[in-house]
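Heads up: the structure comes next, in structure tokens.
The values are calculated or read from the model by the stated rules, or taken from the named source; none is laboratory data. Quantities reported herein were computed from a predicted structural model and do not represent experimental measurements. Backbone-built Cβ (ideal geometry, glycine too); neighbour counts: all protein chains shown.
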Amino acid sequence: MLRHPVIKYEEFDSLNNVEMLFGKKGSNISDVTSQTSRFNLVIEIGNYLKKLSRNFFQSQYKVNKLLVTNGDLKFNDFSLNEQFSISATSLTVRADSINKNNKRIAMHIASPIKPFGDLAITLSINPKDSGDFDMYYHLNKIPASAFNPYLISYSSFPMDRGTIGLNGIWNVRNGEIKSVNHVLVIEPRLSKRLKNKNFKWIPVAWLMPFVRERSNVIDYDIPISGNLKNPHFHLHDAVMDLLKNVFIKPVTIPYGIKLRTAEDEIENSLTLEWGIRQQELRNKQKHFIRTMAQFLDKNKSTRITVYSNEYTLKEKEQILFFEAKKKYFISSRSKNETFTNEDSTTVNKMSIKDVAFMHLLKKGRGAGDTLMFTIQDKCSYYLANNSVNAEYKKLVDERDKVFREFFVKNGTVDRVTFHSSNDSVPYSGFSHYKIIYHGPIPESLQRAYREMLELNNEGPRKKYTSEFSVSK
């Protein structure tokens, strides 16, 4: 039995946390092991485990019960333009009667995924041959927005809607693979393109209509064959679906338009989404809040509750980057020059991986500690003050103020209950206000709900009914 094992793997701009300890490709290990007078307990344990695992399947073994509980596997990637984090929390591994004399050994692995999702794996292994096994896996309820650090870096487009599911069956005999894997993305939607010199650009907005089916899902089967050392991915289903979307989907365009219109009407009536570091309202957002305030004015029995879901970690990270780049930008100018709105735009578009800026941090003037491996740590050291927390508080207060102003002006603010700053990781990947109506609701919202119910019961979406309920 193993309780609460913790494994953390982190990628940095240079190397990773394992190579930081043991050198690139284990160079530090060979340096130690080549000197017979030197001893390192971690390396000795590693060598023992290596020998044990190599001989395990050739040995006679029996374990009545194997149990791993409350495991925590963490992965952080700091090599991107913003941090990516995912972890398997409360990981459980169970196996009974692990005996080489048995024909098969059954093993069950399950874990919630943080920030969202769950993982389940069932394994059936031949105890005499590690290349002979069956595996069934499910990875469900993962928000597409969780992968925004990669999407932004490689395409410039984040996602603010979409739920990813992945499941499959692997049958492996003598190392030969026969596998079918099912990828399902429910209601994927791109957000506004982010412009930055370090972001690559791929016209994802043009590609989405081709990869997305008329029920607003991406649904592909991806078979895998070959062997464990050289697997082959078969994309026939994906290619055929693309061709179908090109030639057949245009006939169903009216259905798709009605679907997206209903979705947008519901979301735009119940959610106010904030861009990262955004504090001034866009015209559409002003119209949305003004319409809500007018509805309250006309319907005296209606009240609304507003829940503020702030993506504090991401907001503070972006404030940190902006303030560090701003300090660097100002340091390169004469002291009497003021920092203008145009300067703010320039700093905002400047890459956090700007060569000159990175050189400043690398040389130690920005980060005086050689154990600072991440750009986040280096920027924080470079600022050397608490400006990030102060700027974040100012941002949250300003959002609250500009939202309330519409209700203050028409005298309905007493029927608005505001629950402020719920620090969490939003499913959409963006800070937002969630609005709940108490009493009569706008007719446009009622109409959208009715239309959405009808569309969900039609052929294209009916088979995904349970998945759509998960994505809300």
Restricting to the range 50-97, and then to whatever is among the hydrophobic types (A, V, I, L, M, F, W, C) and within 15 Å of the chain's Cα centre (by Cα), can you tell me which residue is modelled with the lowest pLDDT?
L80
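Being β-branched (V, I, T), touching a Ser or Thr at 6+ places or on another chain (Cβ under 9 Å) and over 20 Å from I113 (Cα atoms) narrows it down to one of V180, V211, V185, V204, so name that one. Break it down stepwise before answering.
Details: V180 fails: touching a Ser or Thr at 6+ places or on another chain (Cβ under 9 Å); V211 fails: touching a Ser or Thr at 6+ places or on another chain (Cβ under 9 Å); V185 fails: over 20 Å from I113 (Cα atoms).
On inspection, the qualifying residue turns out to be V204.
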Scan the range 378-401 for residues that are aliphatic (A, V, I, L, M) and exposed (fewer than 15 other Cβ atoms within 10 Å of the Cβ) and jot them down.
A384, A390
Considering only residues that are in contact with an Asp or Glu (Cβ under 7 Å, 6 or more places away or on another chain), among the aliphatic types (A, V, I, L, M) and surrounded by fewer than 18 Cβ atoms within 10 Å (Cβ to Cβ), look in the range 154-189 and name the one that is nearest to N140 (Cα to Cα).
L184
Only one residue in S87, S53 is of a type outside the set (D, E, K, R) and part of a helix (DSSP H, G or I), so which one is that?
S53
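Kindly provide the set of residues from the range 1-26 that are under 18 Å from D377 (Cβ atoms), assigned to a strand (DSSP E or B) and of a type in the set (D, E, K, R), ordered by number. Spell out how you get there, then give the answer.
From the range 1-26, those under 18 Å from D377 (Cβ atoms) are 8-17, 19-21; that's our starting set.
Pick out the ones that are also assigned to a strand (DSSP E or B) and you get 8-11, 16.
If the condition is that a residue be under 18 Å from D377 (Cβ atoms), assigned to a strand (DSSP E or B) and of a type in the set (D, E, K, R), then K8, E10, E11 are the ones that fit.
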Kindly check whether there is at least one residue in the range 109-127 that is part of a strand (DSSP E or B), modelled with pLDDT under 90 and over 24 Å from N167 (Cβ atoms).
no
Is it the case that some residue within the range 158-165 is touching a residue at least 40 places away in the same chain (Cβ under 8 Å) and assigned to a loop (DSSP other than H, G, I, E, B)?
yes
What single numbered condition from (1) more than 14 Å from the chain's Cα centre (by Cα); (2) over 27 Å from P209 (Cβ atoms); (3) in contact (Cβ under 8 Å) with a residue 60 or more places away in the chain fails to hold for A120?
(3)
Can you list residue pairs whose Cβ atoms sit under 9 Å apart, with the first residue in the range 206-234 being in contact (Cβ under 8 Å) with a residue 24 or more places away in the chain and surrounded by 15 or more Cβ atoms within 10 Å (Cβ to Cβ) and the second being of a type in the set (F, W, Y) and part of a strand (DSSP E or B)? Count only pairs 6 or more apart in sequence or on different chains.
V211/Y220; I222/F233; P223/F233; I224/W170; I224/F233; G226/F233
